[in-house]
Amino acid sequence: DVKVTQSSRYLVKRTGEKVFLECVQDMDHENMFWYRQDPGLGLRLIYFSYDVKMKEKGDIPEGYSVSREKKERFSLILESASTNQTSMYLCASSPVSDGVLDTQYFGPGTRLTVL
Amino acid sequence: KQEVTQIPAALSVPEGENLVLNCSFTDSAIYNLQWFRQDPGKGLTSLLLIQSSQREQTSGRLNASLDKSSGRSTLYIAASQPGDSATYLCAVRGYNKLIFGAGTRLAVHP
């Protein structure tokens, strides 16, 4: 069974703090993703990574950075948290089949509040 | 730019009803379409994945159809149960990412 874990379920930070959200998958998947989910907007892709040390911007990368030093771990970094980054953050991973992404497996999410 | 729309945004039905959730997308050049379920405060669970060459997929009481030419997919839930209450999201897959709809929040009451 695929397991994707996220370091925190709930997090409260202050404006200007540096925030690290960690995601670990145990299925040796090549691809990992970070999304944020806001009411009425669905999930929006922040960054993704298709290999160690590789990263690609998604649709809303501003204000975020990522790190993938090991295959199983993908970190999302808020360099200076702002109130508009209050959201639910979801991590996902997926294997590659025939050169095309296969099903994505999601973690439980981290609800981040920035005061 | 691909856009995915789900209608209705919310739905409340009595137990036992058959229901249909709708998903539409603007660009028919997709690899596949996937339906997910999300329980409150939780991550997403994949329900059904339809490849672009397929017309439908079934799993238990769930049936998903895909009409690429019209940019539509439907998720049919037969004999709904209170345990089906959740948010249902559809997502279309381009080459390297998923584009999600905003979801339909379903409540099934006894």
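Laboratory data are not the source of any read-out in this text; all were calculated from the coordinates shown. From a predicted model like this one, the values you see are computed outputs, not experimental measurements. Counting neighbours? That spans all protein chains shown, and the Cβs are built from the backbone with ideal geometry, glycine included.
Which one of B:ASN22, A:PHE20, B:ALA86 has its Cα pushed farthest toward the positive end of the charge dipole of the protein assembly as shown, where Lys and Arg give +1 and Asp and Glu give -1 at the Cβ?
Positive-most Cα among the choices belongs to A:PHE20.
Hey, got the dipole for chain A? About the Cα centre, +1 on K and R Cβ, -1 on D and E Cβ, debye to the nearest 20?
Numbers: 15 positive and 16 negative charges, 108 e Å.
That gives a dipole near 520 debye.
Calculate one ³J(HN,Hα) per residue across segment A:89-95 by plugging θ = phi - 60° into the Karplus curve 6.51 cos²θ - 1.76 cosθ + 1.60, and present them in order as whole Hz with x for glycine and proline.
10, 10, 9, 9, 9, 7, x
Set Lys and Arg Cβ to +1 and Asp and Glu Cβ to -1, take the dipole of segment B:1-54 about its Cα centre, and tell me which of B:ILE50, B:ILE7, B:TYR31 lies farthest positive.
After comparing all options, I get B:TYR31.
Determine the sum of side-chain charges near B:ARG55: Lys and Arg each +1, Asp and Glu each -1, restricted to other residues whose C-beta is under 11 angstrom from that of B:ARG55. Can you show the working numbers first?
Working: positive: B:LYS68; negative: B:GLU56, B:ASP67.
Residues close to B:ARG55 contribute a combined charge of -1.
Peptide A:48-57: average number of partner chain Cβ atoms within 10 Å per residue?
1
How long are the semi-axes of the equivalent ellipsoid of chain A, taking √(5λ) for every eigenvalue λ of the Cα gyration tensor, in whole Å from largest down?
23, 14, 13
Tell me the net charge near A:ALA81. Cut-off is 10 Å between Cβ atoms, A:ALA81 excluded, with +1 for each Lys or Arg and -1 for each Asp or Glu.
That works out to +1.
So for chain B: antiparallel DSSP bridges make up what percent, rounded to the nearest 5?
90 percent
Test of understanding: what is the full-extension gain from B:ASN18 to B:SER46, defined as 0.36 nm times their sequence separation minus their Cα-Cα distance?
8.0 nm
Evaluate peptide B:91-104: per residue, the Cβ atoms of other protein chains within 10 Å of its Cβ; return the mean as an integer.
Per residue, the number of nearby Cβ atoms from other chains is 5 on average.
Using +1 on the beta carbon of Lys and Arg, -1 on that of Asp and Glu, and nothing else charged, what's the dipole of chain B about the Cα centre, debye to 20?
Taking the Cα centre of chain B as origin, the dipole is about 320 debye.
Nearest-5 percent of antiparallel DSSP beta bridges in the protein assembly as shown?
Approximately 90 percent, going by the DSSP bridge assignments.
So what does the Cα-only Debye profile of the protein assembly as shown read at q = 0.18 Å⁻¹, as log10 I(q)/I(0), no solvent term?
-1.34
Could you compute Rg(Cα) / (2.2 N^0.38 Å) for chain B, with N its residue count?
Compared with the compact-globule rule of thumb, chain B sits at 1.01.
Which of these, A:PHE20, A:PHE74, A:PHE48, has the largest mean-square fluctuation under a Gaussian network model of chain A (Cα springs below 10 Å)?
Greatest mean-square fluctuation among the candidates belongs to A:PHE20.
Starting from the Cα of A:LYS18, draw a straight line to each of the lysines and keep only those under 22 Å, dropping any in the same chain fewer than 8 residues away.
A:LYS53, A:LYS55, A:LYS57, A:LYS70
Sum up the charges of everything whose Cβ sits under 15 Å from the Cβ of B:SER12, counting Lys and Arg as +1 and Asp and Glu as -1, but leave B:SER12 out. Walk me through the numbers before you get to the answer.
On the way: positive: B:ARG105; negative: B:GLU15, B:GLU17, B:ASP84.
Result for the local shell: -2.
Using a simple charge model, +1 on the beta-carbon of Lys and Arg, -1 on the beta-carbon of Asp and Glu, nothing else, what dipole does the protein assembly as shown show about its Cα centre, in debye to the nearest 20?
My answer is approximately 440 debye.
If you plug each phi of segment B:44-56 into the Karplus form 6.51 cos²θ - 1.76 cosθ + 1.60 with θ = phi - 60°, what whole-Hz ³J(HN,Hα) values come out, in order, with x for Gly and Pro?
9, 10, 6, 9, 8, 10, 10, 5, 5, 8, 9, 9, 7
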